[in-house]
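J.: Just dropping this structure here.
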Amino acid sequence: MIGVQSQRGMAHRAPLLTFFGTTPNIGTTVTAFATACRLAQYSGLSVGYLELNLKSAKLHRFIGIDQPAATLDALRPELRTGTLTTDKLLRSMHVSKAVPGLHMLLGNLMRDQAEFYAIEEIEHLLSAAEAAFDVVVADAGAYWDNAAILCALRRADRRLMTTTSALSHFQEDGQRWVKQLSELYGIGIHDYEAVIIHQPWGKGGFQVKDICKEMGVSLLGEMALPQPMLTQLDRGTLDEWMMQNEQGKESMKEPAKQLIAAYGLKRPAKLVVQPWYKKLLTHRGGVSS
């Protein structure tokens, strides 16, 4: 699949699905990653996962890579000069054996450099990813003071906002970050869809519909963070858990299927040639009627 996409070059543009959180450390990365797993699983296509949380990249730990061979930082020379090719991007991405079709660009480990990424660099990265894959999932974090989140949100085909039922998250942070800053960048509040995260220590006192009404957004889906999942983060086996555990298999399943249907993300069915037809072609010297 990737070879086909690379041949299309930069003219091809895959859908960009950007996840961001109203609040740091509420489960945005796990939610975005679960969605990427389900997209790869149910579409059979290539999925590019970009960890653009410049200030708190942790996915490498979650999937058991203590010292990543390649991360976003390593692509800075190509991003600065505008010379990043799809082939170079592909070589810089981690491929999980547990999730066929999923390719991950692990995030920036030099956190002191977060503010120094330029708009043009992130745009160039997104262009390369959109040309290389059938669909791109970006985890943009929760801080609005860097180029990655701003570019990923402005360019996105779907803007997927994670929050929880805690009033301080969906109301306070939602108001101060999302509602106040979105207008400055030409994004309306109705351009977002919510993914409500349910944390293991219990739900708040607010219903999902009330949260969406308060924020003025529609609901894409819900994501549970059970205690066994959190255990996998420390063990570095999140990708395996997502594909092998029964709870993991359900994570973001329905939202991913909605996205697949919305963008027609399905591998074309192969034509199966019946044995009798093969014999007929052989008899005719390989010439069909």
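J.: Read through the list (1) at pLDDT below 95; (2) within 18 Å of residue 59 (Cα to Cα), then give the number of the only condition that residue 205 fails.
T.: Answer for residue 205: the failing condition is (2).
J.: Ok, one more. Does the range 139-162 contain at least one residue that is under 30 Å from residue 244 (Cα atoms), assigned to a strand (DSSP E or B), open to solvent by 30 Å² or more (accessible area, probe 1.4 Å) and touching a residue at least 24 places away in the same chain (Cβ under 8 Å)?
T.: Looking for residues that are under 30 Å from residue 244 (Cα atoms), assigned to a strand (DSSP E or B), open to solvent by 30 Å² or more (accessible area, probe 1.4 Å) and touching a residue at least 24 places away in the same chain (Cβ under 8 Å), one finds at least one in the range 139-162, hence yes.
J.: Yes or no: residue 229 more than 18 Å from the chain's Cα centre (by Cα) and under 13 Å from residue 31 (Cβ atoms)? Before you say what the answer is, go through the steps one by one.
T.: Values: more than 18 Å from the chain's Cα centre (by Cα): yes; under 13 Å from residue 31 (Cβ atoms): yes.
Yes.
J.: Somewhere in the range 215-231, is a residue touching a Phe, Trp or Tyr at 6+ places or on another chain (Cβ under 7 Å) and under 24 Å from residue 40 (Cα atoms)?
T.: The initial filter retains those residues of the range 215-231 that are touching a Phe, Trp or Tyr at 6+ places or on another chain (Cβ under 7 Å), namely 215, 217, 229.
Right, trim to under 24 Å from residue 40 (Cα atoms) and you get 229.
Within the range 215-231, one or more residues are touching a Phe, Trp or Tyr at 6+ places or on another chain (Cβ under 7 Å) and under 24 Å from residue 40 (Cα atoms).
J.: Taking the range 56-75, which residues are modelled with pLDDT under 95 and outside any loop (DSSP other than H, G, I, E, B)?
T.: 73, 74
J.: Filtering the range 108-138 down to residues that are of a type in the set (S, T, N, Q) and closer than 17 Å to residue 74 by Cβ, which residue is surrounded by the most Cβ atoms within 10 Å (Cβ to Cβ)?
T.: 108
J.: Moving to a separate point now. Can you give me the number of residues within the range 211-232 that are assigned to a helix (DSSP H, G or I) and surrounded by fewer than 13 Cβ atoms within 10 Å (Cβ to Cβ)?
T.: 4
J.: Test of understanding: among 103, 94, which residue is at pLDDT 95 or above, closer than 21 Å to residue 135 by Cβ, of a type outside the set (Gly, Ala, Ser) and touching a Pro at 6+ places or on another chain (Cβ under 9 Å)?
T.: Details: 103 fails: touching a Pro at 6+ places or on another chain (Cβ under 9 Å).
Result: 94 is the single residue among 103, 94 that is at pLDDT 95 or above, closer than 21 Å to residue 135 by Cβ, of a type outside the set (Gly, Ala, Ser) and touching a Pro at 6+ places or on another chain (Cβ under 9 Å).
J.: Would you say residue 80 is open to solvent by 20 Å² or more (accessible area, probe 1.4 Å) and either part of a strand (DSSP E or B) or within 30 Å of residue 174 (Cβ to Cβ) (or both)?
T.: Answer is no for this residue.
J.: Scan (1) at pLDDT 95 or above; (2) surrounded by 15 or more Cβ atoms within 10 Å (Cβ to Cβ) for the single condition residue 261 breaks and write down its number.
T.: (2)
The values are calculated or read from the model by the stated rules, or taken from the named source; none is laboratory data. Everything numeric here is computed off the predicted structure, so don't read it as measured data. Positions of Cβ are backbone-derived with ideal geometry, glycine not excepted, and every protein chain shown enters the neighbour counts. Only protein heavy atoms, including side chains, enter the accessible area calculation; ligands, DNA and RNA are left aside. Shrake-Rupley method; radii C 1.70, N 1.55, O 1.52, S 1.80 Å.
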